[in-house]
Structures are given as structure tokens and as C-alpha cells.
Amino acid sequence: MRQFSDQLGLGFDFSPTAVTVDNVMAPTGYTGLSAFHKYWGKKPIECLGYLIEKLTTDNDVVLDPFVGSGLIARECAIRNRRFIGIDINPVSIELARMVTDLPSTKQYADALQSMEQTVRSAIDESYLLHDGVTASHYLWDNDTLKEIWIARKGKGGREVRTPLAHDYDLSATYKEYKSLLIRPIQLFQNSRINTSPALTLSDIFTGRALRNIDLLLESIPEVPENLRRALLLTLTASIGQMSSMVFAITGRGKNKGEESAKIEVGSWVIGYWRPPLHFEINVWNCFQRRATKLLKALSEIEEPRTFPVADTVHEVISGAAPVALLNQNSLSALQDIPDDSVALVLTDPPHSDRIPYLELSELWNAILGKEVSFADEIVVSNARERGKTKLQYNEQITLILDEIDRVLVPGGTLALLFNAKDAESWNSLVQSKARASLQYYGCFPMSYSANSIVQDSREGAMKSDYVLIYRKTGNRLNGRGLEKFVHTIPGWTAEFPKLKEKRDAILV
Ligand SMILES: C[S@@+](CC[C@H](N)C(=O)[O-])C[C@H]1O[C@@H](n2cnc3c(N)ncnc32)[C@H](O)[C@@H]1O
């Protein structure tokens, strides 16, 4: 059996001050720590690093009231900027805590080894074939088992078996299993992400998967909090592949007239879709695959990997701690930040109706045992029970902009990452032009890496996110000055982005 410690990769060349405008225009994609978790709406790390470097100096305070994947916290800390991060989503703040308080590679590898020794054989037993071999994948068509795969160690590839009565019997043993350790999930009627209030864990996972996830949770050893967090987040990062939502890719090459009979493993797509033809994958293998990614990322991290993290903004403002992370509603948390105290607000608020973060994170938060406040989320939702309208969204974004205006130092900058497909949402940002001191300065399109799938392909959607730059009036003594660099950014314009559809062409 390959041990975790054998799987480390080498070759890390990250330098926190090396971001150039070319990196921003052609981001490399998600690697290392930023590849570990599929938090929704993750932005290219190069863009964040570049703006932090260009718009602040040492010890300045940076604020992000919508932290998301949490990666920005580390980007600030390694550059010696103080950072205040807020997000309503518990998993987001856990991720931010993880990247600012990373366990050592050895600690993480040891904990994984301990978990492997404790549960792997019990998990593998639930996938045993009649001859004692362990299955890696079951291909189901509704309730019919089509194929069983055994991953070939070392060589890649697989052995494909025809299912036997034994395999149905084994699966049936766990059929009624209900998780003892994951809290029940709460969802709403929403056809866009295929959810209803009646949806339960048992609709999304087989009983066998739930039993094995419980075993994994139980096997997390008594370890320091930061290590436990990394292990739990590893489980959340692999939960999609453990579910019955992993579709089978068939008919590759159809368009070129050479359709392949080969079936490949897909992944969990956005929402709660349970395709008739889907995979049930060995839970240990899913966990191990994710863990190996984090292990590699940890082995590549340059020191320091840990920064003191405070629970209140005051510790950051007073200089007592470099980072504060708050799992709160931004609208209330922002009120604790003093006037004229933040040099840069770098943020990416929810983009109207693009991503219902809390619904899509519900499995992750259930694993973490965290309750969420759907009522306070800023979002436009087509789940009627949520009562989240465009009007409400615009009002909340306007209030957020007012607060940002208040907390920025004179001459401070707001860099707002945005994309929405409706004019009203953009208009809530335009109105800030009228705000007394926060003035729109210009924008540039933000590139994604070529293989990124985060783009919005719906009708009327823009092909790129925008970085909108606003400036608070007044002179900032230690600021670097926007005019020095923004004009060098390809695509920079002093105009407001325009939507491509005629009916929305009023935006200027
Ligand atoms: C576009 S994402 C941020 C993505 C982030 N920039 C990144 O690169 O990963 C927007 C975030 O806003 C959060 N959010 C929504 N309503 C909120 C509220 N009322 N207070 C704080 N955060 C909220 C969501 O949980 C989500 O993480």
C-alpha cells in the first residue's frame, strides 16, 4: 500500500511579490492550495495578489466582506498586510482559517496515516467482491448495477467486472443506514439547482457511503484544532465524489463521428442532480485523492504557514493581530469597523442570481456541523420561500457600499470584482457614483485561466468578470496612487462596463 508520505511532490517557485500584469492577464489556473477546495466563485489568485501589492503598502489594513474561498487571507498575510475577512458561510471562514493556520506536512501526513490504519479496512470491507478484491467504482443505472471497476494499482487503468448477486446483497446491507454524525440538510424548492425541502442525505448518498463517511469522521484523531480543521475540510472537499451525483461520461467523440464505448468518471456538477447513470465510488479512495492534493500543496508552501488569527476587528485595527476572520453577516459586522481605517477593500460580493452559496455549500456545512443563516444571505434566489428579490439585493449592496465608503481611509481604494447578467444589479453599483466620497475610477476585465469552468454561459451573461475600481476622495499619505499603474492594465477603461444586450445598454 502506498503511504501518504511517499506521495509528496516538489518544485515550488512561488514568490509573493512576483505578480505582474501579465500574470493577471493569463492566470495559471488553480494549483497548490488554491486547487484543494472547490469553493464556488473562486477568483484567480494572481489578480488578488496583484491588487494587494499595487494598492497597499506594508501593514495597511485590507478588508474583504465576502471572503469566499478564503485564499485572500493568506495572500494578504504573506505580504505583511493586515486583513479583516467576513463571510456568512461557515465553510468559507473555515477555509480562510485553514490557509492562515496550516498544519505542517508531517502533522497532516501522520494524521492521515492514523486514519488509514483506523478505518481503511472497515471501509474497504463494504466494497469487497466475492473473491475478496476491493471495488473502486460501481456504475449504477438507477437501481441496476451495470459494471464494477477495480482500479489497477500503480499502472492506472481498471479491471471491469460484471456484477453478481453478492454485490447487490452487500449494497443492500447498508441500504437503510442513516448518518449518525452529519447533521440533516436544509434545502428549498429550486429547480435551477434541483432541490426541494424534502431532499435528504439519503437521496444524495447510498447508505454505504453514509456509513463510510461516518467512519471517516469518527476516525479523525485527537489533534490540534488547525489539523482537525484541515482533515474535516479534506472530507468536505471530497464529499461530492462520494455522492450519487457523480455522472458517467459516455459517447465521447460522438461529434467527430468516432464515438467511444469507453465510460469515464464525471464529477459533481453545480446543484443536486442525481443522474440515472451514475457512479458510487469507494469513499476511502475519494478522501485519499483529495488528501494527497492537500499534502502536496502543504509540502510546497513556503514559511510562514501560520499567522495569529483574531475573532474581532479591533485586534487588527489596533495592530495586535494581523488577521481577523468573522463568520457573520457583513451588513452587521462592518459596523464594528471604525471610520477611515481601511486602505483597501478588495471584494467580490455575491453576483445577483449567479450562485446560491449557502444552498450549494449545505453538504459541506452539514459535515462541519455548522448551522447557517439563510435569512441573512445576500443573493437573488429563484427559491420562492427564500424571498430573496433583486430589489432587496440592490438595497443590500447599496448599504454595503455605504459602509465601505465610511471605513476606507481618505484616498483609499475599493476594488470590486463583479459580473451579473441583469442591468439592475449593475445599476446598484453605478449609483455609488453619486455617493459623496466614493467615486468610480475605472475598470478592467479579469481573465480566468483557459480551463476554468466558472464562467456564466447563460443568455445575456458577460464573458468576463470585471474589476471595478473606486476611490475615496482625499489624499492618502502612504498610498501608492492608482494612476501609476491602472493605465498599464490591458482593457483598462474609465467607463462603466456595458452589457451586450440592447435592453441593458443603458449602463454607462
Ligand atoms: C463571489 S463569493 C466570493 C468569492 C471569493 N472572492 C473567492 O475568490 O473565493 C461571495 C461570497 O459572499 C458570501 N455572502 C453572501 N451573503 C453574505 C452576507 N450577508 N454577509 C457576508 N457574506 C455573504 C457568500 O457566502 C460567498 O462566499
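The values are calculated or read from the model by the stated rules, or taken from the named source; none is laboratory data. Keep in mind the model is a prediction, meaning the values are calculated, not measured. Methodologically, a virtual Cβ is constructed for each residue, glycine included, from the backbone with ideal geometry; neighbour enumeration extends over all protein chains shown.
Structural remarks
- Condition check for A333: closer than 19 Å to D376 by Cβ, assigned by TED's automatic domain parsing to the domain that holds S34 and either within 16 Å of the ligand (Cβ to nearest atom) or assigned to a loop (DSSP other than H, G, I, E, B) (or both): yes
- When segment 88-137 is filtered for residues that are within 16 Å of the ligand (Cβ to nearest atom) and either in contact with a Lys or Arg (Cβ under 7 Å, 6 or more places away or on another chain) or of a type in the set (A, V, I, L, M, F, W, C) (or both), the ones remaining, listed by number, are I88, P90, V91, I93, E94, L95, A96, R97, M98, V99, T100.
- Among the residues of segment 28-47, just one is near the ligand (Cβ under 7 Å from one of its atoms) and within 27 Å of H487 (Cβ to Cβ), namely K43.
- Exclusive hit being assigned to a loop (DSSP other than H, G, I, E, B), in contact with a His (Cβ under 9 Å, 6 or more places away or on another chain) and either modelled with pLDDT of 95 or more or of a type outside the set (S, T, Y) (or both), set H130, H166: H130
- Sub-9 Å Cβ pairs linking a first residue in segment 332-353 that is over 12 Å from I84 (Cα atoms) to a second residue that is surrounded by fewer than 17 Cβ atoms within 10 Å (Cβ to Cβ) and of a type in the set (A, V, I, L, M, F, W, C), at least 6 apart or interchain, number zero.
- When we screen A420, A383, A375 for residues that are free of Cβ contacts under 8 Å to residues at least 12 places away in the same chain, aliphatic (A, V, I, L, M) and either surrounded by fewer than 19 Cβ atoms within 10 Å (Cβ to Cβ) or not assigned by TED's automatic domain parsing to the domain that holds A198 (or both), the only hit is A375.
- Only one of A343, A324 that is touching a Lys or Arg at 6+ places or on another chain (Cβ under 8 Å), surrounded by 21 or more Cβ atoms within 10 Å (Cβ to Cβ) and not in a helix (DSSP H, G or I): A343
- Residue that is modelled with the lowest pLDDT, among those in segment 232-262 that are of a type in the set (S, T, N, Q) and surrounded by fewer than 17 Cβ atoms within 10 Å (Cβ to Cβ): N255
- Considering residues of segment 400-450 that are modelled with pLDDT under 90 and among the basic types (K, R) only, the residue nearest to A26 (Cα to Cα): K421
- Number of residues in segment 263-289 that are surrounded by fewer than 22 Cβ atoms within 10 Å (Cβ to Cβ) and part of a helix (DSSP H, G or I): the value is 3.
- Close pairs (6 angstrom Cβ cut-off, 6 or more residues apart or separate chains): closer than 10 Å to D340 by Cβ in segment 401-415, of a type in the set (A, V, I, L, M, F, W, C) anywhere: V407/I337; V407/V342; L408/V342; V409/A343; G412/A343
- Residue count for segment 372-393, restricted to those that are farther than 20 Å from I193 by Cα and more than 14 Å from the ligand (Cβ to nearest atom): 1.
- Scope segment 55-69; condition free of Cβ contacts under 8 Å to residues at least 40 places away in the same chain and either within 16 Å of the ligand (Cβ to nearest atom) or not in a loop (DSSP other than H, G, I, E, B) (or both); matching residues: S69
- Residues in segment 53-70 that are crowded, with 24+ Cβ neighbours inside 10 Å and among the hydrophobic types (A, V, I, L, M, F, W, C) were compared, and the one that is nearest to I88 (Cα to Cα) is V67.
- Scope segment 102-117; condition within 10 Å of I220 (Cα to Cα) and free of Cβ contacts under 8 Å to residues at least 40 places away in the same chain; matching residues: none
- Whichever residue in segment 399-412 is under 25 Å from the mean Cα position of the chain (by Cα) and more than 11 Å from the ligand (Cβ to nearest atom) and, among such residues, is surrounded by the fewest Cβ atoms within 10 Å (Cβ to Cβ): L401
- Per the conditions (1) outside any helix (DSSP H, G or I); (2) within 30 Å of R228 (Cα to Cα); (3) more than 9 Å from the ligand (Cβ to nearest atom), the sole criterion not satisfied by L363 is (1).
- Residue within segment 378-395 that is modelled with pLDDT of 95 or more and farther than 27 Å from M245 by Cβ present: no
- The residues on offer are T398, T413, and the sole one that is farther than 19 Å from W40 by Cα and touching a Leu at 6+ places or on another chain (Cβ under 7 Å) is T413.
- Residue match in segment 74-85 (condition: within 20 Å of I301 (Cβ to Cβ), in a helix (DSSP H, G or I) and under 16 Å from the mean Cα position of the chain (by Cα)): yes
- Hits in segment 71-112 (condition: surrounded by fewer than 23 Cβ atoms within 10 Å (Cβ to Cβ) and closer than 17 Å to P44 by Cβ): I78, R79
- Some residue of segment 199-217 being assigned to a helix (DSSP H, G or I), in contact with a Pro (Cβ under 8 Å, 6 or more places away or on another chain) and farther than 22 Å from F279 by Cα: no
- Residue match in segment 210-231 (condition: over 29 Å from Y108 (Cα atoms), surrounded by fewer than 20 Cβ atoms within 10 Å (Cβ to Cβ) and at pLDDT 95 or above): no
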